[in-house]
Amino acid sequence: MTQRLFFSLTIIIFSFSAFAQEKYTINGYLKDAKNGENLIGATVYVKEVESGTATNFYGFYSITLPAGDYTLAFRSLGYSVVDRSIQLDQNLRIDIELQSEGIELEEVVITDRPEDENIVDIEMSVEKLDISTIQKLPPFLGETDVIKSIQLLPGVSTVGEGASGFNVRGGSVGQNLILLDEAPIYNSSHLFGFFSVFNPDVVQDVKLYKGGVPAKYGGRISSVLDVRMKEGNKKKVGVNGGIGTVFSRLTVEGPIQKDKTSFVIAARRSYADVFARLFTDILDDGAALNFYDINLKVNSTINKRNRIFLSGYFGRDVFRQDSRQGFNWGNQSGTFRWNHLFNDRWFSNFSVIYAQYDYGLAFGESDFDSFDWDSEIETWTFKPEFTYFANTNNELTIGGEVTNYTFEPANAVAISSGEVSDISVPTKRAIESAVYIENEQKISDKLTLKYGLRVSNFLYLGETTVFEFEENRVPGERRELVSERQADDWEVIESYTEPEPRIALNYRLNNRSSIKASYNRTAQYIHLVSNTVAATPIDVWTPSSNNIRPQTGQQVALGYFRNFQDNGFETSVEAYYRPTDNQVEYVDGADIFINERIEGDLIQGRGRAYGLEFSVRKNIGRLTGFGSYTLSRSELLVDGINNNDWYPTRFDQTHNLTLSAFYELNERLTLSSTFTYITGTPATFPNGRFEQRLVGDIAIPYLEDDQRNNVRIQDYNRLDLSLTIDGKKFKRGEKRKNEDYWVISIYNVYGRRNAFSQYFGQDLDVREVDANQLNAQTFANRFSVIGTIFPSVSYNFKF
């Protein structure tokens, strides 16, 4: 029996080997012929088998086919299609450069995606914006922005103007994983959320995962924003930039060794303080009001099997009243990547990633009375990943990552009347690691699956002070400290392991429509602690510990996708449900500022978010654009809060409607507009008050039923317009070497005073009712960050 089984297996193995020997592999890179940059998501289509593949983040593709004659179509929207006939009797390396295609006015396309990608792609709950679309949107103060652009997409919102970051499908700002060339960005905002850290001049690809998150991503439970930088022109030196109302920018790129090694470096700086010094001396005493950032990247093709990339980001916001007082924050990151081809089917990438975010605050007018505080989070990550292109029906990805965290919650020194007090909070350490495997499998012409598993582990480490709090606390109140001890260096204080399965499917009903579904489970081991209305630059990141469990989230989504008029119109509707556990909340009166025992003020509960997302996109014609409508809820349930009942989160928005349109007036003029309507966000307002002379001639507000987020502020709506004026393409009958254009924009066209928040006050005139009773007149104030029309103009150039 054993011999017969062994013989059968041997026959099967030899049969498979013989069959495998009849197959050969075609691989290579697809590039832009103009600048030599790799094309992400370009397609290679094999006409004879009516199938193909797409390039990865590095422009690489691989297809394995039986021996024979084939016709390959290399294509990317906006580029001329290249057809190549081959005789496949050996492994082939075919690198293709695609020429930019001249697009007629009546065929203007607003994305660089394949025409039917939304139907055939396995990905759902994924939003992509190419940089050309981002640059068409009406800018704020003349400057286009990645974060503001994705806030126009279904399921994405913000709590208001001037708020940092964005919210996705009912998640908080701290639940988004934001990556720039694989490096995590812990605060994506400049100028308190009015601009992002992403310079559009160096952005090549933007992809937002709202659900159906691939197994390669982990560490957050709401979304993943993956931003990739340009690689630099390998053909010739180029310079582009712009002069705007708030800041100017300049980018230089070019070859170090033509067609082999290139670089790109970009810089931006605001100049409100520069101009202010011309008219006032208020900034002479070391005061500053600015932000800046620098992006740089170098890549080199060592040989056909090896490529290396080195990229970095450095940015900072500085707001100083004088040389002693003010605050600042900034990100730094660096990524080294090595692409290696082991053979024609095995593609690998090894990344070493550094990221750091720090923020600080200082005040005091002399050395005898001052306060100085700074904090930071620093990470080092090693990430190997391997992709095996088995055949046209299977693409297997295997990888892992290890991240070392260092948290410095507070390095703080207070000086009062010359007496120095060090009130710093001890450093915390942690290591997060994960392994993952995922396969994208084409079951049939109609059905495609993508399934995988990620297993993550988190170690909370010493050397630090370990606190133990009482278990049987009073619900909703601060936990009392039971004991504390000093953990040894690298001692494992607490360990967590979480399985994170992922699965997605696409069933094509026909060439115009498909049904997609996905499920994913994710874990988050670090927490953004903030009890303010919106996230701020000085919020604290803290790790999971023996007192704080990791947040976990699940999401199931179902969608229907359909195209009309030869893919001229794309439509979709998605429904999702997203339950979460161990959501971080705060006791009433929580102290999160320089609090060594902050874990006693944090409580955890359950969350749920669910909704429907509708989107439509018009791709062809003089009038193009996209629109979305989201109907959703986001709620929390925390023991001891809101009478132990579900309550809306601060970023719960029932209705969210956005419309964006672009109209090509002629070959030089483009009119753009966006309209946004959002249900007012929840807030906690008092519903009762004391009026007693025993406590003075004031009204004291209070919550008589202990409700949280019991009302909503006014609904938000805004219209923006812009006109883009392209420079002349020809001068004296000859084509100009440089390109330029002007952007004239109006933000908040009808000057609506949208409320960011509301607060309450009391009239000074208090009428006496009796000896102990008052009739104090109270009122509500609306705080609007931008309550008027904001016109702006910017000049942009490229040569």
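The values are calculated or read from the model by the stated rules, or taken from the named source; none is laboratory data. This one's a predicted model, so the numbers in the text were calculated from it and none came from an experiment. Every residue, glycine as well, gets a Cβ built from its backbone with ideal geometry; the counts of neighbours run over all protein chains shown. Remember, those area values only see protein heavy atoms, side chains included, never the ligands or the DNA or RNA. Shrake-Rupley method; radii C 1.70, N 1.55, O 1.52, S 1.80 Å.
Quick rundown of the values:
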item: Percent of Cα pairs exceeding the 45 Å cut-off, where the set is the chain; result: 28 percent
item: Fraction of accessible area attributable to carbon and sulfur, the chain (%, probe 1.4 Å); result: 55 percent
item: Positive dipole terminus of segment 365-495, leading residue within Asn393, Asn404, Phe371 (C-beta point charges); result: Asn393
item: Which of Asp367, Asp322, Asp715 is most accessible, then next, and so on - probe 1.4 Å; result: Asp367, Asp715, Asp322
item: Cα lying deepest toward the dipole's positive end in segment 235-367, options Val246, Leu289, Gln332, charges on Cβ; result: Gln332
item: Principal axis box of segment 284-343, alpha-carbon based, largest edge first, Å; result: 61, 15, 11
item: Placed amide H near Asp130: partners under 5 Å, 5+ positions off or other chain; result: Asp112
item: Thr684 long-range amide H proximity, modeled H, under 5 Å; result: Asn709, Asn710
item: Ranked order, Phe166, Phe368 - accessible area, probe 1.4 Å, largest first; result: Phe368, Phe166
item: Segment 579-607-segment 303-369 distance, computed between alpha-carbon centres (Å); result: 28 Å
item: 5 angstrom amide H check on Trp541, placed H, neighbours 5+ away; result: Val529
item: Computed [θ] at 222 nm, helices only, for the chain once each DSSP H run of length n ≥ 4 contributes -39500 (n - 2.57); result: -1500 deg cm²/dmol
item: Degrees between helix 2-21 axis and first principal axis of the chain (Cα, 0 to 90, nearest 10); result: 80 degrees
item: Size of charge dipole - segment 276-414 - debye, nearest 20, with Cβ of Lys, Arg +1 and Asp, Glu -1, no other charges; result: 1340 debye
item: Euclidean distance of C-alpha centroids, segment 26-84 and segment 382-396, integer Å; result: 17 Å
item: Inverse of mean 1/r across different Cα pairs in segment 40-88, Kirkwood, Å; result: 11.2 Å
item: Nearest-10 value in Å² for the accessible area of Phe319, using the 1.4 Å probe; result: 30 Å²
item: When the convex hull of its Cα atoms is projected in every direction, mean area for segment 521-600 (nm²); result: 8.2 nm²
item: Phi-based couplings in Hz for segment 744-754 (Karplus 6.51, -1.76, 1.60; Gly and Pro marked x); result: 10, 10, 10, 9, 6, 3, 9, x, 6, 8, 5
item: Area accessible to solvent at Tyr496, 1.4 Å probe radius, in Å²; result: 20 Å²
item: With all protein chains modelled, accessible area of Thr497 [1.4 Å, Å²]; result: 90 Å²
item: Accessible surface, 1.4 Å probe, highest first, among residues Asp181, Asp358; result: Asp358, Asp181
